[in-house]
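Input: a single structure, listed below in structure tokens.
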Amino acid sequence: NAAYDLIERNLAAGRAAKLAYVDDAGQYTFGELAERVDRFGSGLQAMGLEMEHRVLLALTDTIDFPTAFLGAIKAGIIPIAVNTLLTPKDYEYMLSDSRAKVLIVSEQLLPQFAPMVGKLPFLKQVIVSGSSARGHTALKDVLAKGKAELAPAPTTSDDACFWLYSSGSTGMPKGTVHVHSSMILTAELYAKAVLGYKENDVVFSAAKLFFAYGLGNSLSFTLAVGATAILMAERPTPASVFKRLTEKKPTIFYGVPTLYAAMLASPDFPKRESLALRLCVSAGEALPPQIAKSWKERTGVEILDGIGSTEMLHIFLSNRPNDLRHGTTGKPVPGYELRLVDEHGNPAKQGDMGELQIKGPTSAACYWNNHQKSRNTFMGGWTKSGDKYTLDRDGYYVYGGRSDDMLKVSGIYVSPAEVEAALITHESVLEAAVVGAEDENKLIKPKAFVVLKQGNSETDALKAALRQHVKDKLAPYKYPRWIEFLPELPKTATGKIQRFKLRS
């Protein structure tokens, strides 16, 4: 049982009085967390929930998330963590698809669920985290009534443990079913072996707990070694992140490239002396080398770029603290095997771009209720990533883009990520996104959408300068034929650019 394992190891190591979590309202020791988890799990059982029943978690990052998530798992009940920035239509789909019996929701998100509460046949109960339960059951009351000790459910390592819904950037989101062993294994293979997590680390992840990336960063990784996690309920902005970095003094920070770029562009960037960082990590999209270099100059700390996925649970390809190459995603995390294949499924030739496939012990069991997509993604031991990569001569993987974002220009594949990285090196550019657009001959050519740094004017002269800038840096056919300035780029709740919106 993953919850029992992650909590019990800290009590056995004598860490009951050590800080496990600091959120916006207070701080909690491992002993206090253990009691909250037991009380919540037994409270769910008292409501009539049994092993394998499902509960949906729509919770902001506070102590109530690990309480509910681990409490359910310890009782053998399956928590489904969902994005807190979705629409009522999305939530109704997830509640219906999962047939969750209980909704556990932050008070401020209740209005998003109001249309469906009482209408869905499987949903029996709503538990609210916050000051007012608004006529539902208060999470604090569940804890008060729950038993202070809960025996772990007799789960096995291959039992379904929790689900995450993949961020349906194409089509409906897919319920990704993970087993008990995976949370433990991502911590062993990546947090300990690659990042060197220690119990004296203080960890702050701008990526939220509902996201596979954040769930590892602030839950399984910290619990695996007895480190402390800082939780922040509000959305990550440069100001809210700087406040945590300078006041709470984390030693490890996790972000996404768009956040690192926004922080570097902020006039309030903190002085190096006010930070305690030893390590920064980026995932979610490829990290442009320019951002990595600027961050190192400002903080003295490297950003390790890596890639993970909801399907593989966490990062399986990463740069290392002592083996880092800007502009690449590094080398496979020990325990994972990678291969690149062409469109026919044959091994890609050295230096050619291919689709990345992963073999490793943390892949999801399946997509719930979606046989065809499961078969397409999980093929024997291999999992398709949907990402295009090339492998350089030294064994580093270079990101090309999502398979469905690739452009074929004059018969040659062009990586949007490469053109975006070139644009970002221009002093006027804050962010860029590149998609394919048709020219007058119906041929596909790159089109760039650019967000300028403050103080720059949107002129035709600047467009011409940006086109020339890309021509100087890349093969000439890759330059964007059209440039459009935008105040901001459309993004998913997890910070990924929604190129499909730009294409339309």
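For Leu110, are the conditions met, namely being assigned to a helix (DSSP H, G or I), at pLDDT 95 or above and closer than 18 Å to Phe65 by Cα? Considered against the rule, which asks whether it is assigned to a helix (DSSP H, G or I), at pLDDT 95 or above and closer than 18 Å to Phe65 by Cα, Leu110 comes out as yes.
Each row is one residue, and each column tells you yes or no for (1) charged (D, E, K, R); (2) under 25 Å from Ala364 (Cβ atoms); (3) not in a loop (DSSP other than H, G, I, E, B).
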site	(1), (2), (3)
Gly306	no, yes, yes
Thr310	no, yes, no
Leu313	no, yes, no
Phe316	no, yes, yes
Arg325	yes, no, no
Thr328	no, no, no
Gly335	no, yes, no
Leu338	no, yes, yes
Asp352	yes, no, no
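Is it true that Ala475 is surrounded by 15 or more Cβ atoms within 10 Å (Cβ to Cβ) and farther than 27 Å from Ala207 by Cα? No.
Could you say which residue among Val333, Val341 is surrounded by fewer than 23 Cβ atoms within 10 Å (Cβ to Cβ), aliphatic (A, V, I, L, M) and within 29 Å of Lys174 (Cβ to Cβ)?
Numbers: Val333 fails: surrounded by fewer than 23 Cβ atoms within 10 Å (Cβ to Cβ).
Matching residue, one of Val333, Val341: Val341.
Of everything in region 240-262, what is without any contact (Cβ under 8 Å) to a residue 12 or more places away in the chain and closer than 26 Å to Leu489 by Cα? Give them in sequence order. Full working, then the answer.
Residues of region 240-262 without any contact (Cβ under 8 Å) to a residue 12 or more places away in the chain: 240, 243, 247.
Ser240, Lys243 - these are the residues of region 240-262 that are without any contact (Cβ under 8 Å) to a residue 12 or more places away in the chain and closer than 26 Å to Leu489 by Cα.
Taking the numbered list (1) modelled with pLDDT of 95 or more; (2) surrounded by fewer than 24 Cβ atoms within 10 Å (Cβ to Cβ); (3) in contact with a helix residue (DSSP H, G or I) (Cβ under 9 Å, 6 or more places away or on another chain); (4) not in a helix (DSSP H, G or I) in turn, Thr62 passes all entries but (3).
The residue list Thr137, Thr186, Thr176 contains one member that is buried (at least 20 other Cβ atoms within 10 Å of the Cβ), farther than 30 Å from Leu502 by Cβ and of a type outside the set (A, V, I, L, M, F, W, C), which is Thr186. When you look at Asp387, is it in contact (Cβ under 8 Å) with a residue 60 or more places away in the chain and part of a helix (DSSP H, G or I), yes or no? Answer is no for this residue.
Sort through Phe211, Phe162 and tell me the only one that's surrounded by 18 or more Cβ atoms within 10 Å (Cβ to Cβ) and modelled with pLDDT under 95. Explain how you work it out, then say what you get.
Values: Phe162 fails: modelled with pLDDT under 95.
Going through Phe211, Phe162 in turn, just one is surrounded by 18 or more Cβ atoms within 10 Å (Cβ to Cβ) and modelled with pLDDT under 95: Phe211.
It is to be established whether one or more residues within region 406-422 are within 25 Å of the chain's Cα centre (by Cα), outside any loop (DSSP other than H, G, I, E, B) and without any contact (Cβ under 8 Å) to a residue 40 or more places away in the chain. No - not one qualifying residue is present in region 406-422. The set of residues in region 246-282 being modelled with pLDDT under 95 and either over 23 Å from Ala227 (Cβ atoms) or assigned to a loop (DSSP other than H, G, I, E, B) (or both) consists of Val256, Pro257, Thr258, Ala261, Ala262, Ala265.
The values are calculated or read from the model by the stated rules, or taken from the named source; none is laboratory data. Keep in mind the model is a prediction, meaning the values are calculated, not measured. No Cβ is skipped: glycine too gets one built from the backbone with ideal geometry, and neighbour counts run over all protein chains shown.
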